[in-house]
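A.B. asks: Below you'll find the structure I mean.
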Amino acid sequence: MSARNRRSKSVSFHSSNLGKKDLQLFGDSVRGQVTLLEGDIFRIFLWKNEEDEQKKSVVLKQGGLGTFDLRRENDSLFLSGNSERSLRIDLKPFSWDWDGVRGGIKLFQDERTGQGLVMVLEEGSGRRYYGLGERVGRLNKKGRIWTNWNTDPKRGVRLNTDPLYQSHPFLIGVEEKRAFGLYLDESWETRFDLAASSGGRSKIATCGPTFDLYLIPGPSIKEVVRRFTTLSGKAPLPPLWAFGYHQCRWGYKSEKFVGRVVQQFRKYQIPLESIWLDIDYMRGYRVFSFDERKFPDPKRMIKRMRDQNIRTVVIVDPGVKFDKRWPVFKEGLEKEAFLKKMNGEIYVGKVWPGNTVFPDFSRDDVRKWWGEKHRFYLKNGVAGIWNDMNEPTSFSGPENSVPFDTLHSSGTTHAKLHNLYGYYMNQACFEALKRARPRTRPFILTRSGFSGVQKFAWVWTGDNRSDWKHLSMSIPMLLNLGLSGVPFVGADIGGFGGDCDGELFARWMWLGAFYPFMRNHSSTGTIRQEPWCFGRKILRIARDAIRFRYRLLPYLYTVAEEACRTGIPVLRPLCLEYPDDEKCAEIEDEFLLGNDLLVAPALKKNQKWRRVYLPEGQWEDFWSGSRYLGQKSIRVDTPLESIPLFLRAGAAVPLTEASLNTKRAVWKPLIWRVSLAERVTGRVYEDEGEGFKKGRVRKIRGSFRKGTLKLTQGKSGTTGKVFVLIGSGKRYPLGGRSLVLRIREKKI
């Protein structure tokens with residue numbers, strides 16, 4: 001969207017009409033409609049062309065409409081639903097006021113599309129903004145211009161790169177401790193100028209002919225996220241193995257090479273859940289193929305690893321090699337499945353295979369055809385799919401992308417559907433895996449996506465670098481993805497591009513132990529960064545971090561199940577759980593895993609200590625058992641061998657013993673790590689770790705008063721040994737359903 005397009009004119013409506021469940025607005029050049037959705041979400045929809053009046057959302061669930069009361073005063077309309085937030089509409093010129101959040105809509109002309117609408121939002125001096133999905137920079141997104149146009153940046157991810165691979169036009173505003181959400185349901189290129197060009201105003205613009213805005217009430221950030229994920233869809237519960245440790249490198253170029261990597265993991269007794277195969281495995285980079293010389297028997301190779309409880313995940317790119325002898329190309333040609341140029345010829349771009357064509361995933365039949373192709377991988381034993389290059393990237397196109405004016409089968413230009421390309425590709429894959437393996441939970445990782453992509457895939461942050469700033473930057477990136485509805489996220493541990501060193505790798509491995517998705521991945525041409533590549537000391541540290549990840553699985557899996565039910569992310573900024581604490585608002589170098597664990601990693605080279613802010617309540621050092629009062633900053637040491645980690649007082653966090661692989665999400669043994677408080681609570685979710693059989697929740701409750709700890713386990717009983725762990729001390733067996741202990745309380 002060109003920054004030169006500054007001329008705009010206000011939108012006005014000369015009349016309105018109240019239907020049964022909507023308000024219709026009539027103007028000379030623009031029509032409008034206001035509706036109230038479930039959850040007291042107002043939708044303001046404006047359109048310029050008659051054919052756009054029936055626009056439907058690709059992403060959002062179509063729920064029922066609510067009724068609202070309407071009062072009119074001259075050219076102002078007042079709408080109220082069930083919540084305390086009412087909506088005022090002014091007709092001349094058009095603007096809206098929603099409980100103090102004020103905006104107006106204007107028309108402008110984009111130089112590429114010839115159309116466009118922009119919302120001017122009046123700014124509050126103390127307002128902060130979160131969300132917008134995958135973004136570099138600070139946790140608070142105010143003060144910069146952010147573009148939604150899925151892009152594979154030519155130089156990889158840098159500290160100021162924008163746009164990136166994902167588009168999430170969803171914004172959370174916080175002002176005077178009250179939160180609100182704005183979701184712009186537009187797949188066209190959009191731009192969010194958050195008080196960057198003018199300190200007193202923000203501008204949200206789309207280069208399309210419609211402006212489809214959802215006003216999502218709080219009053220808390222958590223409530224906004226809940227409502228938004230109810231609208232856009234919640235992530236399904238993934239298989240347990242997805243939470244294990246994953247190893248990948250662009251450069252695992254043969255069966256023998258992969259076999260040697262697996263042998264090293266077993267030699268050093270390092271837990272390993274899966275090996276990932278990058279584009280090296282393909283024959284001439286043809287999707288749905290294995291190179292017969294480098295991988296002569298992939299089914300046997302994958303079975304050998306599976307016999308060791310190690311799964312295989314393969315990369316899949318959307319680009320199909322232009323090869324008239326290649327069956328995938330020939331079938332797609334017969335189905336007229338590929339994107340075309342304006343003159344009707346197939347669009348041919350350049351990607352890894354050379355001349356490349358692109359399926360039109362906006363078509364149901366093409367998605368089904370593409371999805372069925374994945375049976376090739378499933379027959380060879382592949383466990384998961386890694387969708388990459390699905391922005392879609394075209395090296396010969398403008399900005400590394402398929403051109404704006406490329407045509408989809410419906411006659412719609414790529415300008416409208418580009419941002420949905422990865423979303424549709426993941427939908428195709430997810431639905432195909434469910435059809436082919438109805439008793440198995442699909443596992444898909446994607447680079448590109450749009451709001452709602454969490455329904456189909458996990459997300460990683462693309463081509464980061466082996467750099468301390470990238471280590472630090474991964475935290476606000478992942479936190480904002482979570483606030484945007486995507487709970488299962490990660491960054492390449494050690495960095496994808498550039499050469500990692502031992503210290504950075506050790507720090508990243510410990511931080512990565514708390515990412516929802518824990519994968520070590522690096523690029524060809526860089527130094528190897530498997531855990532043993534940096535000497536014995538770093539090997540030991542990396543192994544300890546991975547082993548701790550496996551100890552943490554009962555808690556992580558429980559938080560994941562909660563995220564799938566509620567939409568609240570796994571990784572949480574402090575401001576999500578402590579919205580009334582102003583000091584938590586900007587903290588981006590520490591985070592919460594669930595509600596009970598606070599993680600404060602060392603993020604600088606040669607760092608010996610750091611300051612950690614502890615929010616309200618009491619907190620316990622996970623390693624030493626030392627206790628601290630909250631709402632203050634403390635100094636902690638940062639040895640390379642561990643990570644600063646704190647347990648909320650009153651929490652009982654479920655742990656288990658480390659193993660080389662995941663098995664079932666029925667924890668043997670189950671170890672409750674208890675932090676003493678007057679009231680103690682904990683819960684753990686258990687199921688088979690696979691399939692769709694209903695799981696169960698085990699709870700523990702208790703109290704600590706006058707040196708006596710009393711704990712009671714829930715009625716659901718146990719399937720194995722259960723222990724209670726206090727601080728770094730001994731384990732106490734929890735026989736039957738209750739336990740009483742006399743404990744000497746540590747002073748704060």
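Read-outs throughout are calculated quantities, based only on the coordinates presented, and are distinct from any laboratory measurement. Quick caveat: nothing in here was measured; it's all calculated off a predicted structure. A quick note on method: Cβ atoms are made from the backbone with ideal geometry, for glycine too, and the neighbour counts reach across all protein chains shown.
A.B. asks: How many times 2.2 N^0.38 Å is the alpha carbon radius of gyration of the stretch 652-742?
C.D. replies: Computed over Cα atoms of the stretch 652-742, the ratio equals 1.11.
A.B. asks: Follow-up question, since we're still on this one. Residue 673's amide H: which non-local residues (gap 5+, or another chain) put their own amide H closer than 5 Å, with H modeled 1.01 Å from N in plane and none for Pro or chain starts?
C.D. replies: Sorted by chain and number, the residues that satisfy this are 653, 655, 725.
A.B. asks: Now for a different question. Considering only lysines 8 or more places apart in sequence, or on different chains, count the pairs in the stretch 652-742 whose C-alpha atoms sit under 17 Å apart.
C.D. replies: Step by step, the pairs that qualify in the stretch 652-742 add up to 9.
A.B. asks: Based on the Cβ-Cβ distance from residue 440 to residue 566, what FRET efficiency comes out when R0 is 25 Å, to the nearest 0.05?
C.D. replies: Once rounded, the FRET efficiency stands at 0.55.
A.B. asks: Out of residues 5 or more away from residue 493 or on other chains, whose amide H comes under 5 Å of its own, with H placed 1.01 Å from N in the peptide plane?
C.D. replies: 519, 520, 521
A.B. asks: Starting at the first residue of the stretch 41-53, write each ³J(HN,Hα) from the Karplus equation 6.51 cos²θ - 1.76 cosθ + 1.60 with θ = phi - 60°, in whole Hz, x for Gly and Pro.
C.D. replies: 9, 7, 10, 10, 10, 10, 9, 9, 10, 4, 5, 8, 4
A.B. asks: To the nearest 0.05, what FRET efficiency results for residue 82 and residue 580 with a Förster distance of 22 Å applied to their C-beta separation?
C.D. replies: My answer for the efficiency is 0.35.
A.B. asks: Let me ask something additional. For residue 427, what charge total do you get from the other residues with a beta carbon under 12 Å from its beta carbon, if Lys and Arg give +1 and Asp and Glu give -1?
C.D. replies: +3
A.B. asks: What FRET efficiency comes out for the pair residue 744/residue 635, r = Cβ-Cβ distance, R0 = 22 Å, nearest 0.05?
C.D. replies: 0.30
A.B. asks: Let me ask you something else. Within the stretch 670-703, what residues put their amide N at less than 18 Å from the label point 7 Å along the Cα-to-Cβ vector of residue 721?
C.D. replies: Only 670-674 fall inside the zone, counting backbone N under 18 Å.
A.B. asks: Next question. Through the Karplus equation 6.51 cos²θ - 1.76 cosθ + 1.60, θ set to phi - 60°, convert the phi angles of the stretch 14-23 into ³J(HN,Hα) values in whole Hz; use x for Gly and Pro.
C.D. replies: Using θ = phi - 60°, the values come out as 9, 7, 8, 8, 8, x, 5, 9, 8, 10 Hz.
A.B. asks: About the Cα centre of the stretch 652-742, what is the dipole size in debye to 20, counting +1 per Lys and Arg Cβ and -1 per Asp and Glu Cβ, all else neutral?
C.D. replies: My answer is approximately 420 debye.
A.B. asks: Through the Karplus equation 6.51 cos²θ - 1.76 cosθ + 1.60, θ set to phi - 60°, convert the phi angles of the stretch 63-78 into ³J(HN,Hα) values in whole Hz; use x for Gly and Pro.
C.D. replies: Residue by residue, the stretch 63-78 yields x, x, 9, x, 9, 9, 8, 10, 10, 10, 9, 6, 9, 10, 10, 10 Hz.
A.B. asks: Sticking with this one: If you average 1/r across every pair of different Cα atoms in the stretch 333-389 and take the reciprocal, what Kirkwood value do you get, in Å?
C.D. replies: Evaluated over the stretch 333-389, this radius sits at 13.1 Å.
A.B. asks: Projecting each Cα onto the charge dipole of the chain (Lys/Arg +1, Asp/Glu -1 at the beta carbon, about the Cα centre), which of 98, 709, 408 comes out farthest on the positive side?
C.D. replies: So the residue furthest toward the plus end is 709.
A.B. asks: Can I ask one more? Give me the number: length gained by fully extending residue 355 to residue 678, i.e. 0.36 nm times residue separation minus the C-alpha to C-alpha distance, one decimal in nm.
C.D. replies: Extra length available between residue 355 and residue 678 comes to 109.6 nm.
A.B. asks: Right, next: Report, largest value first, the span of the C-alpha coordinates of the chain along each principal axis, in whole Å.
C.D. replies: 77, 68, 48
A.B. asks: Please give the contour-minus-distance gain from residue 331 to residue 527: 0.36 nm per residue of separation, less the Cα-Cα distance, rounded to one decimal in nm.
C.D. replies: 66.5 nm
A.B. asks: Hey, another quick one. For residue 499 and residue 293, compute 0.36 nm times the residue count separating them, minus their Cα-Cα distance, and round to one decimal in nm.
C.D. replies: Gain in length upon complete extension: 71.2 nm.
A.B. asks: Straight-line reach from residue 141: which lysines have a Cα under 18 Å away, not including same-chain ones fewer than 8 places off?
C.D. replies: Result set, ordered by chain and number: 177, 203, 222, 469, 583.
A.B. asks: Just check the stretch 639-684 against the gyration tensor rule for me: Cα atoms, a ≥ b ≥ c as the square roots of the eigenvalues, rounded for a/c under 1.5, and otherwise prolate or oblate depending on whether a/b exceeds b/c.
C.D. replies: Since a/c reaches 1.5 but b/c is at least a/b, the shape of the stretch 639-684 is classed as oblate.
A.B. asks: Continuing with this model, one more query. What do you get when you divide the Cα radius of gyration of the stretch 166-205 by 2.2 N^0.38 Å, with N the number of residues?
C.D. replies: Rg over 2.2 N^0.38 Å, computed on Cα atoms: 1.26.
A.B. asks: Find the centroid of the Cα atoms in the stretch 272-301 and in the stretch 235-262, then give the distance between the two in whole Å.
C.D. replies: 12
A.B. asks: Would you work out which of 271, 224, 285 lies farthest towards the positive end of the dipole of the chain? Charges go on Cβ: Lys and Arg +1, Asp and Glu -1.
C.D. replies: The Cα lying farthest towards the positive end belongs to 271.
A.B. asks: How long are the three semi-axes of the equivalent ellipsoid of the stretch 542-582, in whole Å, if each is the root of 5 times an eigenvalue of the C-alpha gyration tensor, listed from largest down?
C.D. replies: 25, 15, 6
A.B. asks: Report the relative contact order of the chain, percent, no decimals, based on alpha-carbon pairs under 8 angstrom and at least 6 residues apart.
C.D. replies: 10
A.B. asks: A further question on this structure: As a footprinting exposure proxy, order 588, 273, 745 by other Cβ within 10 Å, with the fewest listed first.
C.D. replies: Result, fewest neighbours first: 745, 588, 273.
A.B. asks: What net charge do the residues around residue 285 carry, taking every other residue with its C-beta under 9 Å from that of residue 285, with Lys and Arg at +1 and Asp and Glu at -1?
C.D. replies: +2
A.B. asks: Dipole of the stretch 115-196, Cα-centred, from +1 at each Lys and Arg C-beta and -1 at each Asp and Glu C-beta, to the nearest 20 debye?
C.D. replies: Roughly 460 debye for the stretch 115-196.
A.B. asks: Once a ≥ b ≥ c are taken as the square roots of the eigenvalues of the Cα gyration tensor of the stretch 571-648, is the result rounded (a/c under 1.5), prolate (a/b larger than b/c) or oblate (a/b not larger than b/c)?
C.D. replies: Note, shape of the stretch 571-648 comes out prolate.
A.B. asks: Give the distance, in whole Å, between the Cα centre of the stretch 129-168 and the Cα centre of the stretch 342-406.
C.D. replies: One Cα centre to the other: 23 Å.
A.B. asks: Compare the Cα positions of 356, 569, 206 along the charge dipole of the chain (+1 at Cβ of Lys, Arg; -1 at Cβ of Asp, Glu; about the Cα centre) and return the one farthest towards the positive end.
C.D. replies: Farthest along the dipole direction, towards plus: 569.
A.B. asks: Given Cβ point charges of +1 (Lys, Arg) and -1 (Asp, Glu) and nothing else, what value in debye, to the nearest 20, does the dipole of the chain about its Cα centre take?
C.D. replies: Computed charge dipole of the chain: roughly 3360 debye.
A.B. asks: Compute the signed sum of charges (Lys and Arg +1, Asp and Glu -1) over the other residues within less than 10 Å, Cβ to Cβ, of residue 233.
C.D. replies: Within the 10 Å Cβ shell, the charges total +3.
A.B. asks: Rounded, prolate or oblate: which one fits the stretch 8-232, using the alpha carbon gyration tensor with axes a ≥ b ≥ c (rounded when a/c is under 1.5, else prolate when a/b beats b/c, else oblate)?
C.D. replies: The shape class here is prolate.
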